[in-house]
Amino acid sequence: MSVLIHVQITTGSLFLSSGALLWALDKNSSLNSALEPFDQGLFSHGSASAYPPDRSHAIFPTALALVWSDASLDDTMAFALRNISDTIRDVALADGQNVSYAAKYPNYALFGTRLEDMYGGNVERLHNVRVAMDRKT
């Protein structure tokens, strides 16, 4: 996420769109978040880089960490984490916050995140750099 959003869970229960409770699935589960406000001038100097694809806005990456102990829930919890992230983004957009440009922070992106969601229009350039470097080795 690239916008500062305060999320408070006061009941100890976080509902997914399916209506299931994370804690009902695994009593050892825990959801944590960390908001990292980057300095607004961070991307105002230097040359273009792969991330972020749009350097004209300040970004505030948010790390969502979901832990659980039941390995049989791996796919369910990965779905839950994606659902939570998408819901936060959707709520921000519905609230009028302009986060449509916000790329996912690569260091926090969940496995399987599309490269375009992290690097935008830079994916082709990154692929070409990789091909060129692979030829040199």
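The values are calculated or read from the model by the stated rules, or taken from the named source; none is laboratory data. These numbers come from a predicted model, not from an experiment. Neighbour counts run over all protein chains shown; Cβ positions are idealised from the backbone, glycine included. Note: accessible area is taken over every heavy atom of the protein model, side chains too, but ligands, DNA and RNA are not part of it. Shrake-Rupley method; radii C 1.70, N 1.55, O 1.52, S 1.80 Å.
Rounded to whole numbers, the Karplus 3J(HN,Hα) couplings from phi for segment 67-78 are 10, 7, 10, 8, 4, 5, 9, 3, 5, 4, 6, 5 Hz, using 6.51 cos²θ - 1.76 cosθ + 1.60 with θ = phi - 60°, and x at Gly and Pro. The 3J(HN,Hα) values that the Karplus relation (6.51, -1.76, 1.60; θ = phi - 60°) gives for segment 89-103 are, in residue order, 4, 4, 5, 4, 5, 5, 7, x, 7, 7, 10, 5, 7, 6, 7 Hz. Gly and Pro appear as x.
Largest accessible area first, the residues ASP90, ASP75 order themselves as ASP75, ASP90 under a 1.4 Å probe with ligands, DNA and RNA left out. Of the residues LYS104, LYS136, ranked by 1.4 Å probe accessible area with the largest first, the sequence reads LYS136, LYS104.
Over segment 52-113, all Cα pairs binned in 10 Å intervals from 0 give whole-percent P(r) values of 18, 48, 26, 8, 0, listed from short to long.
3J(HN,Hα) couplings calculated from phi for segment 33-48 with the Karplus curve 6.51 cos²θ - 1.76 cosθ + 1.60 (θ = phi - 60°) are, in sequence order, 9, 9, 9, 10, x, 7, 4, 4, x, 3, 9, 8, 10, x, 8, 4 Hz; Gly and Pro show x.
Counting other Cβ atoms within 10 Å, which chymotrypsin sites (Phe, Trp or Tyr not before Pro) in segment 45-137 have at most 12 and lie in a DSSP loop? Kindly include the intermediate steps, with their values, before the conclusion.
Numbers: sites: TRP68, PHE79, TYR101, TYR108, PHE111, TYR119; in loops: TRP68, TYR101, TYR108, PHE111.
Loop-located and lightly packed - PHE111.
Among ARG125, ARG130, the sequence by solvent-accessible area, most first, with a 1.4 Å probe is ARG130, ARG125.
Positive end of the dipole of segment 55-137 (Cβ unit charges, origin at the Cα centre): among ALA78, THR62, LEU126, the Cα lying farthest that way belongs to LEU126.
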